[in-house]
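Encoded as structure tokens, the structure appears first; notes follow it.
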Amino acid sequence: MSQLLYQDRIIKLVESIKTAGKVLALTGAGISTESGIPDFRSKDTGLWHRYDPQEVASIKALKKDPKSFYALNFQWWDTCLRARPNKAHLALAQLEAMGWLLGTITQNIDGLHQQAGSQRVWEVHGHLRECYCLVCQHDYGLEQLRHRFHCPNCGGLLRPQVVLFGDRMSEDYFIAEKVMSGCQLLLVIGSSLQVQPVASLPYLSRGIVIINKEPTAWDEQAQLIFREPASKVLWDLVNSMEKSTGPYY
Ligand code: APR
């Protein structure tokens, strides 16, 4: 199906969304690269080609050496915190506002969907707004971690609200699984679909469309594939949908 001319694929995507009923988006780091945030597995530029995730993004690494863990992660987190939504985020928020998209399940912790105006966002890998103490569970703003790694209340180690390798999944993930029930069309945007359990969520949708620069293991099951940049595809999609409002309006 991806042999179809781009414009014909956009027309088919518009038709699929208009006839689908329950439509959700599943986004990954690739939707934020055009905001200046590197993704993890893009050939050459992905973060995990430079660092071993188990060494820099696991709960084990945090407990072993909090100083190095935070020194390295704040480099990437500050890029996320400085970033602004790009046209892909804005288009998804517009699609939701027009009633064609129920909401967005995101693996991203950068908060750019909410900044773009998306109202229903499930952050399955957590977020960068808070941290908490591993001992007394006391919550703090993330900025606390710039000053100290230990809890002012009890001295326990502080950790971010980001899902690290070795963690159980977030509450939002279990909510997203339930939200997926009855999903007729899942728009997978900017994800290599390599990390479980999120990579199995497409099983819960009747149909999937993939908007991803590189191949994924789900390409065979996709009814449409776009290799063009997410911002271009989603902006062109919204401009083609403009004339009408959807079931969630
Ligand atoms: N438009 C479309 N696709 C893009 C763009 C773009 N502008 N930029 C990058 N991509 C694609 C890349 O080709 C890549 O296949 O986005 C995909 C991003 O895949 P990953 O880097 O693996 O990111 P993601 O799927 O979100 O990773 C899942 O892995 O390390 C964990 O917690 C981390 O949430 C992350 C999870």
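FYI, it's all coordinate maths here, none of it is from the lab. What you are looking at is a predicted structure, and each value in this text was computed from that prediction instead of being measured. Positions of Cβ are backbone-derived with ideal geometry, glycine not excepted, and every protein chain shown enters the neighbour counts.
What the table shows:
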quantity	calculated
The range 90-208: C-alpha gyration tensor shape, a/c 1.5 cut-off, then a/b vs b/c	prolate
Relative contact order [Cα under 8 Å, 6+ residues apart], the chain, whole percent	26
12 Å Cα-Cα reach of residue 60 towards aspartates and glutamates, excluding residues that sit fewer than 8 places from it in its own chain	167
Extended-chain gain in nm, criterion 0.36 nm per residue less alpha-carbon gap, residue 214 and residue 68	49.4 nm
Computed helical MRE - 222 nm, the chain, DSSP H runs ≥ 4 contributing -39500 (n - 2.57), nearest 500	-9500 deg cm²/dmol
D (Stokes-Einstein, µm²/s), Kirkwood Cα radius, the chain, 0.890 mPa s at 25 °C	131
Calculated FRET value between residue 148 and residue 51, using beta carbons and R₀ = 30 Å, to 0.05	0.80
Calculated FRET value between residue 11 and residue 245, using beta carbons and R₀ = 30 Å, to 0.05	0.95
Between helix 66-82 and the chain: long-axis angle, C-alpha atoms, 0 to 90°, nearest 10	40
16 Å cut-off, amide nitrogen to a point 7 angstrom out along residue 167 Cα→Cβ, residues in the range 28-50	29
Sequence of 208, 31, 105 once ranked by neighbouring C-beta atoms within 10 Å, starting from the fewest	208, 105, 31
Label point distance in nm, residue 181-residue 98, each placed 7 Å from Cα along Cα→Cβ	3.0
Rounded, prolate or oblate (a/c below 1.5 giving rounded, otherwise prolate when a/b exceeds b/c) for the range 80-130 by Cα gyration tensor	oblate
Ascending count of other beta-carbon atoms within 10 Å, so fewest first, for 70, 51	51, 70
Cβ-based exposure ranking for 89, 147, 125, in which fewest neighbours within 10 Å come first	147, 125, 89
For the chain, Cys with no neighbouring Cys Cβ under 4.7 Å	80, 131, 183
Theoretical FRET efficiency, 1/(1+(r/R0)^6), r = Cβ-Cβ of residue 78 and residue 44, R0 35 Å, to 0.05	0.95
Folded to 0 to 90 degrees: helix 87-97 orientation relative to the chain principal axis, Cα	70
